[in-house]
C-alpha cells in the first residue's frame, strides 16, 4: 500500500459576511450589521495516496475550490483536520509550499512581458534552487513540455494552450510531490486539452507526482484521473474509482436502431424498454438493465422492427455526473 | 540570504519588465518635468517678487526640495495600495499565498523593483537639469548631507511602503480602498510638500506636517534646508517612531487579513 499523503477529516469551512438589513438605517447597518454565514464545505473526510490522480469535481459553488485552497494553506478551515505531506497547511503554509505546486487555470503566475525562461529563473529562485539546479530543471521541463519553440517569446504572445503548458511546467520547477490544478483545461481547444492531459499523465508516471485536479470537463476526468471525488453543497457525495463511476450509476443502456423500412406507427414496447427518440428511419431506445440483461432486451426488441443496423451504448459519463449533481441537489 | 536573493530577483525581473516599455518611461519622465517644472516656474516668479527670500529660504533650496519630492514619487511606492487591492479583487492573492514567500514582503519588493528604473532615469535627468539651471545649494555640498540624505531616504521608503500597505490591506474588508487611498495620498502630497514646500507652511500646519506619518514619509524634502543640520535627529526620530507604529499596525492587519482571505470561487 502506498503512503497516504493527504488526509482530511471532518473539514468544514464557513464564510461569514455582512448583509444590509432591509429597512434599517445607515448607522444601524454599520454599528449592528446582520451577519450571514454560509457553509462552503461541510464536514468532509477523504485521503489520498502517493502518486494518485484524483478528480475533485462538483457543480459551481460546490466547495471544490475552497477545499483546494484549504489543502494548499490559502484558506483557514473553520474546523476539522488537514494533513498534507505530514504538514498542517494553514500553520505551515510556507514549508508546505516548497513541496507542492499549484495551477489556477484562470490566473497566470508568469511574467506577461518577459520570455518564459525568465519566469523559470524567477520561480527557481523563489523555491531556493541553486543556479545550476534552475538551469538543469529548466532544460528538462522545456524538453518535457515541448516549450523550446516559444521559450524566448514574451508570455503575453503565447496561445492559451502554450501558456497553460508553460504554467504547469513552471509550477513543477521545484519537483513538487503534489500538484493541485484548478480547472487547468478551461478555455483550451480539444488538441491542447489532449496534449495537456498526456503531459500530466507523463509527469505522474515519470516523477510520481500526485495530481489533484478540479475540472468541469468530463474528458479530463475520464482520461486523466483514476479516482473521482464528487462534492456538492459542500459535502462529498461520491468517492470511487473513475471507471466505477459509470458502472455504478448506469442503470440504462441505449440502443440505436436504424430501420430498413420507414416507420409511421411506432409499436408499444415491452416493459423496461422506452423510446428516447422516434424517427421514420431511426429509433433510440433506453433499456433498463437493472432487471434484464441487454441480450434479453435485444431479443425482445428485434421482432418489433425491421433492422438495418443496430448500435448499443452506455450513457456518457457526463450524463452520469449530471444525474449525480441533480440527484444530490434535489436531495434524492 | 534567501530573502535577499529573492528580492534581487524580483527587482531584476521588474526592471527587465519596465525596459520593455520605453514609452511608459517617457510618459513618467514627462509627467515629472511637467508637474515639477510648472511649479518651479511659478515659484521662481514668486521668489523674484519677494526679493529672492521667503521665510529665510531661497528659490534654489525650494527648487531642490520640490524636485526631491517629485523624484521620490517616481518610485511609485504609493501604487502598493492599488496592487494589494487588485490582488484581492482579482484573486491573484491566492497564487501568491500558495508560494513559499511572505506576501507583503514580496509585494513591497515588487513595488520597489517596478519603480526603480523610472526613478533612476527621471532623477538623473532632473538632477542634471537643476544643476544646470539653479545650481547646487551649499547645504547639499557636504558629506553630512549625503549620509543623512540616504538614511532619511531609506526611512521614507520604508514608511511609505508601510502606510500604503496598511491602506491596501484594508481591501480584505472593504474591497475598494480607492476613497481611502485618495485621502491618504493627498495627505502625503500636501503634508509632504509637493505644491507648497514644508518650510513655507504656517506654524500649525508645519507642526502637523512634521509630526504626522504622512509628512514624515517625505522628510527627504527637508534635507536641503539649512535647518536640517539642527533638526535631522528629531526628524529621523519621528520617522523611526512612525515606522515602528505603522509597522505594528500593518503586521496586525495582515495577520487578521490572512485569516479572512476569501477569494473568488472559494
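Structure summary
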| read-out | value |
| --- | --- |
| Any chance residue B:215 is touching a residue at least 12 places away in the same chain (Cβ under 8 Å) and surrounded by 22 or more Cβ atoms within 10 Å (Cβ to Cβ) | yes |
| Wholly within segment A:23-116, helices (runs of 4 or more DSSP H) carrying at least 1 residues that are at pLDDT 90 or above and within 8 Å of chain B (Cβ to nearest Cβ) | A:64-71, A:93-97 |
| Checking residue A:296 against (1) in a helix (DSSP H, G or I); (2) within 29 Å of residue A:196 (Cα to Cα); (3) without any contact (Cβ under 8 Å) to a residue 60 or more places away in the chain, the condition it does not meet | (2) |
| Output for segment A:138-160, where each listed residue is within 26 Å of residue A:205 (Cβ to Cβ) and either in a helix (DSSP H, G or I) or within 14 Å of chain B (Cβ to nearest Cβ) (or both) | A:138, A:139, A:140, A:141, A:142, A:143, A:144, A:148, A:149, A:150, A:160 |
| Conditions (1) in a helix (DSSP H, G or I); (2) under 14 Å from the mean Cα position of the chain (by Cα); (3) farther than 30 Å from residue A:162 by Cβ: number failed by residue A:238 | (1) |
| Filter pass, residue B:210 being surrounded by fewer than 20 Cβ atoms within 10 Å (Cβ to Cβ), more than 17 Å from residue B:77 (Cα to Cα) and without any contact (Cβ under 8 Å) to a residue 60 or more places away in the chain | yes |
| Filter result (part of a loop (DSSP other than H, G, I, E, B) and touching a strand residue (DSSP E or B) at 6+ places or on another chain (Cβ under 8 Å)) within segment A:256-282 | A:260, A:263, A:266, A:269, A:272, A:280, A:281 |
| Segment A:208-230 residues that are more than 24 Å from residue A:190 (Cβ to Cβ), paired with ones that are in a helix (DSSP H, G or I) and modelled with pLDDT of 90 or more (beta carbon under 7 Å, 6 or more apart) | A:209/A:203 |
| Within segment A:285-314, tally of residues that are buried (at least 17 other Cβ atoms within 10 Å of the Cβ) and either touching a helix residue (DSSP H, G or I) at 6+ places or on another chain (Cβ under 7 Å) or at pLDDT below 80 (or both) | 2 |
| Search result, residues across segment B:37-82 that are more than 23 Å from the chain's Cα centre (by Cα) and assigned to a loop (DSSP other than H, G, I, E, B) | B:50, B:51, B:52, B:55, B:56 |
| Whichever residue in segment A:171-182 is surrounded by fewer than 24 Cβ atoms within 10 Å (Cβ to Cβ) and out of contact with any strand residue (DSSP E or B) (no Cβ under 6 Å at 6 or more places or on another chain) and, among such residues, is nearest to the other protein chains (Cβ to nearest Cβ) | A:174 |
| The listed residue being farther than 30 Å from residue B:89 by Cα, in a helix (DSSP H, G or I) and touching a strand residue (DSSP E or B) at 6+ places or on another chain (Cβ under 9 Å), out of B:209, B:129, B:122, B:199 | B:199 |
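The values are calculated or read from the model by the stated rules, or taken from the named source; none is laboratory data. Bear in mind that the values here come from a model prediction, so they are computed numbers and not experimental data. Glycine also receives a Cβ, built like all others from the backbone with ideal geometry; neighbour counts cover every protein chain displayed.
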